[in-house]
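The values are calculated or read from the model by the stated rules, or taken from the named source; none is laboratory data. Everything numeric here is computed off the predicted structure, so don't read it as measured data. Cβ coordinates were reconstructed from backbone atoms using ideal geometry, including for glycine residues, and neighbour counts include every protein chain displayed.
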Amino acid sequence: MLAISGDFQKDEIVKKVENAFHGWEKTGIKIPKEPPPLYSFEKSINYAFKDVPQSTIILGHLAVRKTHPDYFPFKVLNFILGESGFNSRLTSEIRSNRGLAYSVGSIYRGDVEYAVFAVICQTKSVTTSNVISLIYNIIRDLKKNGVTEKELRWAKESIVNKFIFSFTSSASVVNQQMIIDYDNLPEDFLERYQENISKVTLEDIKRVAKKHLYPDRSILVVVGKSKDFDKPLSEFGEVHEIELKGE
């Protein structure tokens, strides 16, 4: 794909592109398409040793794709859980209230073929298991009880208001349009983005949390020094030791 943005006349730039690629011939080569990942959810506890005074914790699983009807509710859910910084549940409880981590939050990357959701946290070695327990419990609570009206209203307003910053340059604008074209999304996907966020309800969040959050069937990866942990990782399940490459 080729996209161009800037201050130019369309006819002129089209002519320049045609001249630049004049004489090129199709080779007939087809790029093989990777099969989409298998959407299975099985608990897995993984540990990698690294001689450092703090642990890196990642807990996550596959999530709803961008084309799924629950894409927008899940985005709002994730924003409340951990993407929104100090106002998120993860940061508020683990960092602000307990002082157990400087860096903690969640990510949701929704794509057409696959999507991932994960909580990422760094904490002192001696508070590793405590923080893991808190992460599990915070997700379980959201899955069971949903969110408040205040959280939902704030999250939707925040997401809608910051959407404009996805179009701060000509490059970012054309990049967004290329994504729509490449992913074969509806032409009005961007135009309706804010509307679709604003339509998310408390019931949507509760339903999506129950349906698409799997705290007890997630993959947990911990990197650090297990001998300094407050409790052994085996308390969370069978531990698979993995080796860090390039160490």
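This table checks each residue for (1) part of a helix (DSSP H, G or I); (2) under 30 Å from F49 (Cβ atoms).
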position: R153; (1), (2): yes, no
position: V160; (1), (2): yes, no
position: I179; (1), (2): yes, no
position: L185; (1), (2): no, no
position: I197; (1), (2): yes, no
position: V200; (1), (2): no, no
position: V222; (1), (2): no, yes
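Can you pull out every residue in segment 179-222 that is touching a residue at least 40 places away in the same chain (Cβ under 8 Å), farther than 30 Å from S44 by Cα and aliphatic (A, V, I, L, M)?
Answer for segment 179-222, where residues must be touching a residue at least 40 places away in the same chain (Cβ under 8 Å), farther than 30 Å from S44 by Cα and aliphatic (A, V, I, L, M): L185, I197, V200, L202.
What residue, of S198, S169, S218, is in contact with a Leu (Cβ under 6 Å, 6 or more places away or on another chain) and small (G, A, S)?
The unique qualifying residue is S218.
Among (1) in contact (Cβ under 8 Å) with a residue 40 or more places away in the chain; (2) surrounded by fewer than 16 Cβ atoms within 10 Å (Cβ to Cβ), which single condition is K162 missing?
(1)
If the Cβ limit is 6 Å and pairs must be 6+ apart or interchain, which residue in segment 61-75 that is more than 15 Å from A155 (Cβ to Cβ) pairs with which residue that is at pLDDT below 95 and charged (D, E, K, R)?
Cβ pairs passing all conditions: K66/D111.
Within segment 132-149, can one find any residue that is in contact with a helix residue (DSSP H, G or I) (Cβ under 9 Å, 6 or more places away or on another chain), surrounded by 14 or more Cβ atoms within 10 Å (Cβ to Cβ), over 24 Å from I57 (Cα atoms) and of a type in the set (K, R)?
No, because not a single residue in segment 132-149 is in contact with a helix residue (DSSP H, G or I) (Cβ under 9 Å, 6 or more places away or on another chain), surrounded by 14 or more Cβ atoms within 10 Å (Cβ to Cβ), over 24 Å from I57 (Cα atoms) and of a type in the set (K, R).
Just to be sure I understand the filter: pairs with C-beta atoms under 8 Å, separated by 6 or more residues or on different chains, first member in segment 1-22 and free of Cβ contacts under 8 Å to residues at least 60 places away in the same chain, second member in a helix (DSSP H, G or I). Which pairs pass?
L2/V17
In segment 80-115, what residues are of a type in the set (A, V, I, L, M, F, W, C), at pLDDT 95 or above and more than 14 Å from L213 (Cα to Cα)?
Matches in segment 80-115: L90, I94, L100, A101, V104.
Which members of segment 47-100 meet the condition of being surrounded by fewer than 17 Cβ atoms within 10 Å (Cβ to Cβ), among the small types (G, A, S) and farther than 21 Å from K225 by Cα?
Within segment 47-100, G85, S96 meet the criteria.
Identify the single condition in (1) within 30 Å of K156 (Cβ to Cβ); (2) in a loop (DSSP other than H, G, I, E, B) that I80 does not satisfy, given that it satisfies every other one.
So I80 meets the others, but not (2).
Mind checking which residues of segment 101-121 are surrounded by fewer than 18 Cβ atoms within 10 Å (Cβ to Cβ) and either in a strand (DSSP E or B) or not aromatic (F, W, Y) (or both)? Explain how you work it out, then say what you get.
Step one: list which residues in segment 101-121 are surrounded by fewer than 18 Cβ atoms within 10 Å (Cβ to Cβ), which gives 102-103, 107, 109, 111-114, 116.
Selection gives Y102, S103, I107, R109, D111, V112, E113, V116.
Tell me which residues, restricted to segment 14-46, are surrounded by 10 or more Cβ atoms within 10 Å (Cβ to Cβ) and of a type in the set (D, E, K, R).
Result: K15, K16, K43.
If you take the residues of segment 175-207 that are out of contact with any Lys or Arg (no Cβ under 7 Å at 6 or more places or on another chain) and hydroxyl-bearing (S, T, Y), which of them is farthest from F74 (Cα to Cα)?
Y182
Select from segment 22-77 the residues that are assigned to a helix (DSSP H, G or I) and closer than 30 Å to E235 by Cβ and list them in ascending order. Please lay out each step first, then the result.
Filtering segment 22-77 for residues assigned to a helix (DSSP H, G or I) gives 71-77.
Of everything in segment 22-77, those that are assigned to a helix (DSSP H, G or I) and closer than 30 Å to E235 by Cβ turn out to be F74, L77.
Kindly indicate which of K26, K33, K43, K15 is of a type in the set (K, R) and under 30 Å from K225 (Cβ atoms).
Numbers: K26 fails: under 30 Å from K225 (Cβ atoms); K33 fails: under 30 Å from K225 (Cβ atoms); K15 fails: under 30 Å from K225 (Cβ atoms).
None of the others qualify; the one that does is K43.
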